[in-house]
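Some notes on the structure that comes next.
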Amino acid sequence: MSHKVFAEVIFVWWTGWVFCQTLWERQLHQRGCIKAVALTPESVVVHERNTRLVSLDRPTGSLRWDVSVGRWPRAVHVTGDRCLVIAQNTHQLSCLNVRTGALLWNTAIPPATGHLVTTADTVLAGGWRNYSPLMAFDLETGARRWETTDCVDTVLPALVGDGVLIGVPGDTVIRLIRPGDGEELSRWRLPEPLISCDDQPAFTPIGPDRFLARCGPRSVVDIRLSSAIVREFVRAEADLAATAVEYNAGMLWLRELRGGYLAVDPVDGRVLWRVNVREALVDHVAMTRAGLVVATHTGALLRLDSVGQVLERTAVARRISALRTAGPSELLVQTKGTLLAAEVLDLNQTEEMPSN
């Protein structure tokens, strides 16, 4: 074999992984869950070892702090310098200092409380599967501000403008409430039932006055806070997954039930192209300095071109359950039992041929 042919063979073999490399990998000693991972500019907060919540340095994965919070959090959420946690076995909402792990406050909540969102000064919890009321707490002190009289069933609440969107899965009415006191600000009637998505989002904020809602098996509706009109924005040709539209890289991403993605123009709702790699993809499309990256459940990261075709494939694990963007050159990958940080290399580096 000539030196040139040998170099080309080696290059083809290496292009299976050159667009990214592993920075670090943390053994969690349990099945990972992306709901139990949160990011700050300096750290990654993740639940591990049954009861522990740890903070890891983003560049190196080194341990910053390690505290006991309880088993299997239903939610871990970071806002400012605070980290909020709902564990399944403690029946408490806990607030930690995200820099040190020190407990700032905790407050009792009903068993099986799920859903957790925050505004600038308020924490909303509850309303998952009709197991608990929807409750609001002061972010600074943990003092309870209000709660609904009865248990509530809502999809994951979403912040839009100055309010919070809620809606019963399978119902056709969605409401905007004021987080400070729970008062209704607006309501809209959908043309089809709101999707049932357990603890996943159903709403996608697009701007301060606009959001999208997933309803029915194939529909996305467009709603403005300043209008009572509900407009069907996209109707897919095939059934969509029961999750919210993703807004990323200047486009909307609609996850298909059969495993691909539709790339949609956020202005007029036109389907631009489809990502179809003939494998089931996890729930996220990452925009990186090397372009679009998606992940397969079978453990590969795929770099796509501008129309959704696969350029490169990198195997990073035996199985991937979640993918998250941590920056223009950083990805977080949830595997079967680890959390992995990967660096996406500069696009020019990935296209260099080795010299003879």
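Computed from the coordinates by the stated procedures, all read-outs in this text should not be read as laboratory data. None of the values given here were measured: they were computed from a predicted structure. Neighbour counts run over all protein chains shown; Cβ positions are idealised from the backbone, glycine included.
Packing-wise, with mean Cβ within 10 Å as the measure, how do 19-25, 177-183, 73-79 rank, highest first?
Going from most to least packed, we get 73-79, 19-25, 177-183.
Figure the gain on full extension for residue 100 and residue 25 (residue separation times 0.36 nm, minus the Cα-Cα span) and round it to one decimal in nm.
Taking residue 100 through residue 25 to full extension adds about 24.8 nm, to one decimal.
What Kirkwood Rh does the stretch 154-276 have if only Cα atoms enter the pairwise 1/r average? Answer in Å.
14.4 Å
Taking all pairs of distinct Cα atoms, average 1/r, flip it, and tell me the Kirkwood hydrodynamic radius of the stretch 35-153 in Å to one decimal place.
Value: 14.3 Å, from the Cα pair sum.
Taking the alpha-carbon set of the chain, what are its Rg and Dmax in Å?
21.6, 78
Relative to the longest principal Cα axis of the chain, at what angle does helix 3-14 sit, 0 to 90 degrees, rounded to 10?
10 degrees
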